[in-house]
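Asks: Encoded as structure tokens, here's the structure I'll be asking about.
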Amino acid sequence: MREFGSHAKINSPQKRHPKNGKSRAKEVATMIVADDNFASIVAGVEEGRIAYDNVRKVIYLLISTGAAEVMMFLTAILTGLRIPLLPVQLLWLNLVTNGIQDVALAFEGGEPGAMKKKPRRPNESIFDSQMVWQTVVSGLTIGGLAFGLWYWLKAFQGLEETAARNLVLLLMVLLQNVHVFNCRSETTSAFRVPFRRNPLLIAGVLIAQGVHILSMYLPPMQKVLQVAPVTLAQWLSLLVLALVILVVMETFKWLRAKA
């Protein structure tokens with residue numbers, strides 16, 4: 001075997017054999033990897049695990065918020081109410097405000113102990129019990145909060161539909177802003193994940209909220225999205241309501257850890 005060096009060398013067989021199992025095995029057997037730096041292998045495995053975890057986090061955010069929207073619409077229809085959001089508002093919610101956060105979440109840094117996890121089975125589905133349950137719980141919570149606001153505004157406040165939709169849309173944006181922090185880790189508390197691990201996400205959340213607030217003040221966007229400015233008291237009230245999803249998912253993580 002050649003002396004170990006800093007590069008990999010491959011000795012190709014001089015004679016080509018038919019492309020069957022034995023010949024391929026012989027070709028592989030002639031490969032000599034002359035690199036004794038196994039740190040690069042470990043780093044590659046770690047990067048792969050981080051990438052897989054980030055894919056799960058983005059899917060978790062997308063599926064849970066999508067399921068919440070479906071639940072909100074179905075519940076409204078079953079209770080005889082009008083739809084809580086217009087199609088253009090739903091498009092804005094998914095492609096603009098939530099879309100900014102989805103991209104930023106993909107750059108989440110690796111969690112401590114990533115290399116201590118057991119190897120994942122190649123045939124393991126990404127929708128394991130953890131993914132299913134956290135998606136169901138968060139989806140039901142977000143959908144329930146949004147529909148609850150819509151029902152309260154219509155049934156008890158008698159608010160006009162356009163004004164009520166304006167508040168429901170803002171609540172959904174705030175819920176997404178808060179829920180993305182739940183998605184930064186499937187097991188660790190959102191309060192224990194340092195902001196410095198993904199400053200791009202913090203910027204994305206601020207931009208998503210800022211873009212929506214800006215749209216409520218720009219006449220062209222007001223006309224397209226049928227939105228209007230809200231008072232500071234209304235914004236704070238909706239923010240407090242949106243924080244419920246953080247409390248629920250923190251409780252969920254705690255119960256899963258105890259189980």
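Asks: Among the residues of region 62-81, is there at least one that is under 24 Å from Arg256 (Cα atoms), at pLDDT 95 or above, touching an Asp or Glu at 6+ places or on another chain (Cβ under 7 Å) and not polar (S, T, N, Q)?
Replies: The answer is yes; a qualifying residue exists.
Asks: Right, another one. Which residue is surrounded by the most Cβ atoms within 10 Å (Cβ to Cβ), if the candidates are limited to region 70-92 and must be outside any helix (DSSP H, G or I) and among the aliphatic types (A, V, I, L, M)?
Replies: Within region 70-92, the match that is surrounded by the most Cβ atoms within 10 Å (Cβ to Cβ) is Leu85.
This table checks each residue for (1) within 19 Å of Arg56 (Cα to Cα); (2) at pLDDT 95 or above; (3) in a helix (DSSP H, G or I).
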{"residue": "Thr135", "(1), (2), (3)": "yes, yes, yes"}
{"residue": "Ser138", "(1), (2), (3)": "yes, yes, yes"}
{"residue": "Thr141", "(1), (2), (3)": "no, yes, yes"}
{"residue": "Trp152", "(1), (2), (3)": "no, yes, yes"}
{"residue": "Ser185", "(1), (2), (3)": "yes, yes, no"}
{"residue": "Ala208", "(1), (2), (3)": "no, yes, yes"}
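Asks: Among residues belonging to region 29-40 that are among the hydrophobic types (A, V, I, L, M, F, W, C) and out of contact with any strand residue (DSSP E or B) (no Cβ under 9 Å at 6 or more places or on another chain), point out the one that is modelled with the highest pLDDT.
Replies: Ala39
Asks: Mind counting the residues in region 210-247 that are part of a helix (DSSP H, G or I), closer than 19 Å to Ser138 by Cβ and of a type outside the set (Gly, Ala, Ser)?
Replies: 8
Asks: Those residues that are within 17 Å of Leu175 (Cα to Cα), surrounded by fewer than 15 Cβ atoms within 10 Å (Cβ to Cβ) and among the polar types (S, T, N, Q), I need them from region 200-236; list them, please.
Replies: Gln234
Asks: Okay, moving on. Do any residues in region 230-259 that are closer than 14 Å to Val178 by Cβ have Cβ atoms under 6 Å from those of residues that are charged (D, E, K, R) and loosely packed, with under 15 Cβ neighbours inside 10 Å, where the two are at least six apart or on different chains, and which pairs are they?
Replies: Close Cβ pairs (under 6 Å, with a partner that is charged (D, E, K, R) and loosely packed, with under 15 Cβ neighbours inside 10 Å) do not exist here.
Asks: Could we say that Leu105 is among the aliphatic types (A, V, I, L, M), out of contact with any Pro (no Cβ under 8 Å at 6 or more places or on another chain), surrounded by 12 or more Cβ atoms within 10 Å (Cβ to Cβ) and over 30 Å from Pro194 (Cα atoms) here?
Replies: The answer is no for Leu105.
Asks: Just to be sure I understand the filter: pairs with C-beta atoms under 7 Å, separated by 6 or more residues or on different chains, first member in region 65-84 and touching a residue at least 40 places away in the same chain (Cβ under 8 Å) and among the polar types (S, T, N, Q), second member part of a loop (DSSP other than H, G, I, E, B) and surrounded by fewer than 12 Cβ atoms within 10 Å (Cβ to Cβ). Which pairs pass?
Replies: Hits for this filter: zero, empty list.
Asks: Restricting the search to region 189-206, which residues are assigned to a loop (DSSP other than H, G, I, E, B) and either more than 24 Å from Leu145 (Cα to Cα) or among the aromatic types (Phe, Trp, Tyr) (or both)?
Replies: Val193, Pro194, Asn198
Asks: Could you say whether any residue in region 100-118 is closer than 18 Å to Met216 by Cβ and within 14 Å of the chain's Cα centre (by Cα)?
Replies: Yes: one or more hits.
Asks: Show the residue pairs that are 6+ apart or on different chains and have beta-carbon atoms under 7 Å apart, the first residue being within region 147-158 and of a type outside the set (A, V, I, L, M, F, W, C), the second being assigned to a helix (DSSP H, G or I).
Replies: Once the first residue is of a type outside the set (A, V, I, L, M, F, W, C) and sits in region 147-158, its partners that are assigned to a helix (DSSP H, G or I) give Lys154/Ala164.
Asks: Sticking with this one: Restricting to region 113-124, give me the number of residues that are in a loop (DSSP other than H, G, I, E, B) and loosely packed, with under 12 Cβ neighbours inside 10 Å.
Replies: 8
Asks: Yes or no: Thr162 polar (S, T, N, Q) and in contact (Cβ under 8 Å) with a residue 24 or more places away in the chain?
Replies: yes
The values are calculated or read from the model by the stated rules, or taken from the named source; none is laboratory data. Just so you know, these numbers come straight off a predicted model, no measurement behind them. We place every Cβ from the backbone using ideal geometry, glycine too, and count neighbours over all the protein chains shown.
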